[in-house]
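Engineer: Sharing a structure, written as structure tokens. Questions coming.
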Amino acid sequence: METRNRNDPNADTRRLRLAFSIAVSFTLFLWLVRLVEYFGGFDFALLGIYPRQASGLAGILFAPFIHGSFAHLFANTAPIVVIGTMLLYGYPRAARVLLPTIYLGGGILVWLFAREAFHIGASGIVFGMLFFILMIGILRWDRRAIALSMVLFLLYGGMIWGILPESREVSFESHLGGALVGLVSAFLLRHRDPEPRRKQYSWEREDTGDDDYDWPDGL
């Protein structure tokens, strides 16, 4: 059996490396799927979500892994790695619930309300993670949550407008569905991960020697 000290200074580094490796592994899998489709001469887009058609329900499971072009996948690669790492590092417990919720919930919203076309790509998951981190930074207001949300806003704040219609080729419905699931999940999961313990410096307290004195009962 292994035991670990809660004050282990290397714990944060290990958690960051694990979060990064998971995000990169998922991204590499997406590239593998795209390469198989391209070199195998397949058209996986037909496995995407087609709204309000029974045959399109399977797309809820498959659509996030399918991209229409290398440019489409390349546009999602950096956000998946960066935002995914931030999510898994900052909110590992919430991520276990959030990611499958975005994956399924966002897909269901697209199937129910989107335009009649094949909707593919992982951008719905990206938007779900983005809006979750931004919102939970406002709700929790601890130092880590604020820092993560501010850095994320500086890097990808412009993506927020992706929830609005901009092009017939872009599934803004996937973006919007993921964003809505991320926002709701932030309210529901905001306390799932404990707030980081605040480091107390020696100059913040006076050493009066009282800790060495055994006070009598009742005082």
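The values are calculated or read from the model by the stated rules, or taken from the named source; none is laboratory data. In this text the structure is predicted, and so the values were computed from the model without any measurement. Methodologically, a virtual Cβ is constructed for each residue, glycine included, from the backbone with ideal geometry; neighbour enumeration extends over all protein chains shown.
Engineer: With the condition kept exactly as written, say whether any residue in the range 2-16 is of a type in the set (D, E, K, R) and modelled with pLDDT of 95 or more. Before the answer, list the steps.
Structural biologist: Step one: of the range 2-16, the residues of a type in the set (D, E, K, R) are 2, 4, 6, 8, 12, 14-15.
Filter again for modelled with pLDDT of 95 or more, leaving none.
No: the range 2-16 contains no residue that is of a type in the set (D, E, K, R) and modelled with pLDDT of 95 or more.
Engineer: On to the next question. Can you name the number of the only condition in (1) of a type in the set (Phe, Trp, Tyr); (2) exposed (fewer than 14 other Cβ atoms within 10 Å of the Cβ); (3) in a helix (DSSP H, G or I) that Phe42 fails?
Structural biologist: So Phe42 meets the others, but not (3).
Engineer: For the range 134-149: of the residues being within 15 Å of the chain's Cα centre (by Cα) and among the hydrophobic types (A, V, I, L, M, F, W, C), which is farthest from Ala186 (Cα to Cα)?
Structural biologist: The selected residue is Leu148.
Engineer: Let me ask something else. Within the range 114-128, how many residues turn out to be assigned to a loop (DSSP other than H, G, I, E, B) and among the small types (Gly, Ala, Ser)? Lay out the reasoning, then the answer.
Structural biologist: As a first pass, look at the range 114-128 and keep what is assigned to a loop (DSSP other than H, G, I, E, B): 114-118, 120-122.
Subsequent filtering for residues that are among the small types (Gly, Ala, Ser) retains 114, 117, 121-122.
Within the range 114-128, residues that are assigned to a loop (DSSP other than H, G, I, E, B) and among the small types (Gly, Ala, Ser) number 4.
Engineer: Does Ile136 qualify as being modelled with pLDDT of 90 or more, among the β-branched types (Val, Ile, Thr) and within 21 Å of Arg96 (Cα to Cα)?
Structural biologist: Answer is yes for this residue.
Engineer: Moving to a separate point now. Taking Arg144 and the conditions (1) part of a helix (DSSP H, G or I); (2) free of Cβ contacts under 8 Å to residues at least 40 places away in the same chain; (3) among the basic types (Lys, Arg), which numbered condition does it fall short on, given that it satisfies the others?
Structural biologist: For Arg144, the exception is condition (2).
Engineer: Among the candidates Thr77, Thr85, Thr101, which residue alone is within 19 Å of Leu18 (Cα to Cα) and touching a residue at least 60 places away in the same chain (Cβ under 8 Å)? So that I can check it myself, show each step before the final result.
Structural biologist: Details: Thr77 fails: touching a residue at least 60 places away in the same chain (Cβ under 8 Å); Thr101 fails: within 19 Å of Leu18 (Cα to Cα).
Result: Thr85 is the single residue among Thr77, Thr85, Thr101 that is within 19 Å of Leu18 (Cα to Cα) and touching a residue at least 60 places away in the same chain (Cβ under 8 Å).
Engineer: Let me ask another. Where residues in the range 168-183 are outside any helix (DSSP H, G or I) and not hydroxyl-bearing (Ser, Thr, Tyr), which of them is farthest from the chain's Cα centre (by Cα)?
Structural biologist: Restricting to residues being outside any helix (DSSP H, G or I) and not hydroxyl-bearing (Ser, Thr, Tyr), the top hit is Arg168.
Engineer: Oh, and also: Which is under 23 Å from the mean Cα position of the chain (by Cα), over 30 Å from Leu16 (Cβ atoms) and modelled with pLDDT under 95, of Pro165, Pro196?
Structural biologist: Within the list Pro165, Pro196, the selection yields Pro165.
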